[in-house]
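Below you'll find the structure, written out as structure tokens, and then a few comments.
The values are calculated or read from the model by the stated rules, or taken from the named source; none is laboratory data. Not measured: the values here are computed from a predicted model. Positions of Cβ are backbone-derived with ideal geometry, glycine not excepted, and every protein chain shown enters the neighbour counts.
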């Protein structure tokens with residue numbers, strides 16, 4: 001049994017409404033502006049993404065980024081993205097906030113625009129597998145290793161993406177992630193016992209959730225009843 005359930009995705013951006021307007025058509029989810037200047041993306045009434053305004057500009061590559069399916073890169077370009085690397089089987093692009101993401105161009109009709117979440121892990125193939133195994137215990141799903149050097153989770157309950165992929169990279173994490181996930185749990189202590197670190201709790205500043213970090217230092221938020 002998993003320690004938590006996937007809840008939603010959070011994206012930080014200097015201009016939250018502009019970032020939400022960029023991602024809404026690419027993901028196929030409805031844009032809902034909020035009174036405080038932030039925004040969310042909804043699918044059938046459920047919030048899939050929260051987009052939050054922050055003062056800090058993008059300075060480094062995200063540890064967690066989005067992959068999307070598309071018929072071409074033209075729509076992303078028309079919305080303000082630019083191509084960074086067009087090496088098949090995907091195209092690396094930069095969104096208007098400066099954050100990298102990947103577009104997978106499909107020959108068949110695109111029925112599901114969100115494709116996967118990709119997570120960078122400092123180290124080698126074994127480190128990526130350990131990170132994937134840690135998150136499998138948190139979120140559930142099926143763990144796979146690929147001979148090309150990465151691991152992934154699929155069939156994760158309530159995840160609106162096909163998979164979460166973990167790939168090794170040489171660079172270390174140096175700043176707060178601009179993209180993170182939220183989870184729901186009935187047992188915060190179990191997450192901590194599993195290796196999560198509490199960065200900020202519900203009693204700190206009146207927030208309604210607990211900010212945690214996984215063993216790699218990646219922030220995520222846990223919502224409890």
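Sort through 66, 41, 34, 17 and tell me the only one that's without any contact (Cβ under 8 Å) to a residue 40 or more places away in the chain and crowded, with 17+ Cβ neighbours inside 10 Å. Just a single option satisfies the conditions, and that option is 41. Given (1) more than 21 Å from residue 11 (Cα to Cα); (2) at pLDDT 95 or above; (3) loosely packed, with under 14 Cβ neighbours inside 10 Å, identify the lone condition not met by residue 192. Of the numbered conditions (1) more than 21 Å from residue 11 (Cα to Cα); (2) at pLDDT 95 or above; (3) loosely packed, with under 14 Cβ neighbours inside 10 Å, the odd one out for residue 192 is (3).
For (1) touching a strand residue (DSSP E or B) at 6+ places or on another chain (Cβ under 6 Å); (2) surrounded by fewer than 14 Cβ atoms within 10 Å (Cβ to Cβ); (3) over 19 Å from residue 220 (Cα atoms), each residue gets a yes or a no:
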| site | (1), (2), (3) |
| --- | --- |
| 22 | no, no, yes |
| 29 | yes, no, yes |
| 47 | yes, no, no |
| 51 | yes, no, no |
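What do you reckon, is residue 168 over 24 Å from residue 54 (Cβ atoms) and assigned to a strand (DSSP E or B)? Yes. Just one of the listed residues (222, 190) is assigned to a helix (DSSP H, G or I), more than 17 Å from residue 66 (Cα to Cα) and touching a residue at least 12 places away in the same chain (Cβ under 8 Å), namely 190. Which residues, taken from the stretch 77-90, are touching a residue at least 40 places away in the same chain (Cβ under 8 Å) and closer than 23 Å to residue 120 by Cα? Within the stretch 77-90, just 81 meets the criteria. Annotation: residue 178 fulfils all but one of (1) at pLDDT 95 or above; (2) loosely packed, with under 14 Cβ neighbours inside 10 Å; the unmet one is (2). Within the stretch 161-171, identify whether any single residue is exposed (fewer than 15 other Cβ atoms within 10 Å of the Cβ) and in contact with a strand residue (DSSP E or B) (Cβ under 8 Å, 6 or more places away or on another chain), and answer yes or no. The answer is yes; a qualifying residue exists. Within the stretch 142-161, residues that are at positive phi have Cβ atoms under 6 Å from residues that are surrounded by 12 or more Cβ atoms within 10 Å (Cβ to Cβ) and assigned to a loop (DSSP other than H, G, I, E, B) in these pairs: 155/141, counting only partners at least 6 apart in sequence or on another chain. Residues that are modelled with pLDDT of 95 or more, in contact with a helix residue (DSSP H, G or I) (Cβ under 9 Å, 6 or more places away or on another chain) and under 18 Å from residue 159 (Cβ atoms) within the stretch 82-138 comprise 101, 119, 134, 137, 138, listed in sequence order. Kindly indicate whether any position in the stretch 122-130 is under 25 Å from residue 49 (Cβ atoms), touching a strand residue (DSSP E or B) at 6+ places or on another chain (Cβ under 6 Å) and either touching a residue at least 60 places away in the same chain (Cβ under 8 Å) or not in a helix (DSSP H, G or I) (or both). So far as the stretch 122-130 goes, no, none of its residues is under 25 Å from residue 49 (Cβ atoms), touching a strand residue (DSSP E or B) at 6+ places or on another chain (Cβ under 6 Å) and either touching a residue at least 60 places away in the same chain (Cβ under 8 Å) or not in a helix (DSSP H, G or I) (or both). Could you please let me know if residue 214 is touching a helix residue (DSSP H, G or I) at 6+ places or on another chain (Cβ under 8 Å), surrounded by 14 or more Cβ atoms within 10 Å (Cβ to Cβ), closer than 19 Å to residue 63 by Cβ and at pLDDT 95 or above? Answer is yes for this residue. In this structure, does residue 7 turn out to be surrounded by fewer than 18 Cβ atoms within 10 Å (Cβ to Cβ), closer than 23 Å to residue 220 by Cα and either at pLDDT below 95 or under 14 Å from the mean Cα position of the chain (by Cα) (or both)? Considered against the rule, which asks whether it is surrounded by fewer than 18 Cβ atoms within 10 Å (Cβ to Cβ), closer than 23 Å to residue 220 by Cα and either at pLDDT below 95 or under 14 Å from the mean Cα position of the chain (by Cα) (or both), residue 7 comes out as no.
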